[in-house]
Every structure is written in C-alpha cells, then in structure tokens.
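Trainee: The following block contains the structure, expressed as structure tokens.
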Amino acid sequence: MSLRPALSTALDDYVEARRSAEAATRAELRLSDTEVRALLRIRERPGIRPSELRDHLGVTSAGVTTLVDRLVERGLLRRELDTEDRRVNHIHLEVDLDALPWSQLDRFARDLDDAVDGEPVAQSTAFAEMLGRITRSVLAPR
C-alpha cells in the first residue's frame, strides 16, 4: 500500500479535528477566529502595541482598533497608556487564559503536544522533518 493515501488521510483527519475543536470553542466563548488569535498573541506578548498586533493579525489599523475596542468592552482586554509617550498604548489581558473557560482556546494544541510527548523522540523528529520538507515542496514556486 502506498503511504501517500494514508498520510494524506491522516493529515486531513488532523486538520478537521483541529478545525472542529477550535470552532466549537470559539462558538462556546462567542469569539471569532481573529479574536482568538489576538488573545493568544497578547498572552505571548503582554503589553503589545496595537501596531504589532495589527501586523500579526494582518488587519488594518481601523480593524485592530475595532477588535481591541470590542474585546475591551467585553472585559477581556485593557489598554494602558505608555508612561513615556502618552500617544502610545499597550494591550493586556484581563482574563487568565490558563483558567477555564479560556484555557479551552488552545486545548487542542496542548493535548496534541502531550500526545506527541508520549511518542518516541526519534519518530516525532523524523515525522516533523518529513512534513516540513513536504510542505516546503508544495509551497515552492513552480
């Protein structure tokens, strides 16, 4: 049997499982995909400036302002003025993303990490390298 169909099927199953888990969590927490990405990025970079968040999300300045306004109104974020330059503000989380229900935002990724940790390191490394090569070859200009 060829590995290609088995690998393609496994990758399709992974993508669908992740998509379904993330969609269910977003629906439960009433968040858009962009809002989730923003919250997770702010957790990684507390005090991030709106321009950095805009660049990460790939939205316009007006888009990031609207997004942050909406999340501030919901009590999920807060803005703090820069102490040295009052034209600048920094964005911080007002919720603990490691506590329920917010910890569900990246539950699939954490569960996957735990499952991978249970696999032999050599196999995980070889699979990651192979998947990286395959992905790069698919994305390479033709």
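The values are calculated or read from the model by the stated rules, or taken from the named source; none is laboratory data. The shown structure was predicted, so the numbers you read here are calculated from the model rather than taken from an experiment. Side chains included, ligands, DNA and RNA excluded: accessible areas come from the protein's heavy atoms. Shrake-Rupley method; radii C 1.70, N 1.55, O 1.52, S 1.80 Å.
Trainee: Cα axis of helix 61-73 to longest principal axis of the chain: angle in degrees, 0 to 90, nearest 10?
Mentor: Helix 61-73 and the main axis of the chain meet at about 80 degrees.
Trainee: With springs connecting C-alpha atoms under 10 Å apart, model the chain as a Gaussian network and identify which of Val68, Val36, Val88 has the largest mean-square fluctuation.
Mentor: Result: Val88 has the largest fluctuation of those listed.
Trainee: What would the Debye formula give as log10 I(q)/I(0) at q = 0.16 Å⁻¹ for the alpha-carbon point model of the chain, no solvent?
Mentor: Per q value, in the given order, log10 I(q)/I(0) is -0.99.
Trainee: Then there's this: In the chain, what percent of the accessible surface is made up of carbon and sulfur (1.4 Å probe, ligands and nucleic acids excluded)? Mind showing how you got there, number by number?
Mentor: Numbers: 5180 of 9650 Å².
C and S fraction of accessible area: 54 percent.
Trainee: Grab the Cα-Cα distance for Asp114 and Arg45, subtract it from 0.36 nm times how many residues apart they are, and report the gain in nm with one decimal.
Mentor: On the way: separation 69, 0.36 × 69 = 24.84 nm, distance 2.36 nm.
Computed gain between Asp114 and Arg45 is 22.5 nm.
Trainee: Who wins for biggest fluctuation among Thr60, Thr25, Thr125 in a Gaussian network model of the chain, springs between alpha carbons below 10 Å?
Mentor: For the chain, modelled as a Gaussian network with Cα springs under 10 Å, the answer is Thr125.
Trainee: Translational diffusion coefficient, Stokes-Einstein: compute it for the stretch 75-142 using the Kirkwood radius over C-alpha pairs as Rh, at 25 °C and 0.890 mPa s, and state it as an integer in µm² s⁻¹.
Mentor: My calculation gives 151 µm²/s for D.
Trainee: Whole number in Å², please: accessible area per residue of the chain, 1.4 Å probe, ligands, DNA and RNA not counted. It would help to have the intermediate numbers written out before the result.
Mentor: On the way: 9650 Å² over 142 residues.
I get 68 Å² per residue for this part.
Trainee: Considering the convex hull of the alpha carbon atoms of the stretch 31-115, report its projected area averaged over all viewing directions, in nm², one decimal. Walk me through the intermediate numbers first.
Mentor: Working: hull surface 23.9 nm².
Spelled out: convex hull of the Cα atoms, projected over all directions, averaged, 6.0 nm².
Trainee: A further question on this structure: If the elastic network links every pair of Cα atoms under 10 Å, which of Ala109, Ala122, Ala99 fluctuates the most in the Gaussian network model of the chain?
Mentor: Checking each option, the largest mean-square fluctuation is seen for Ala122.
Trainee: With a cut-off of 8 Å between alpha carbons and a minimum separation of six or more residues, what is the relative contact order of the chain in percent?
Mentor: 20
Trainee: If you split all Cα-Cα distances of the stretch 14-67 into 5 Å bins from zero, what percentages do you get per bin, shortest first?
Mentor: Taking every Cα pair in the stretch 14-67, the percentages come to 4, 19, 26, 20, 17, 11, 3.
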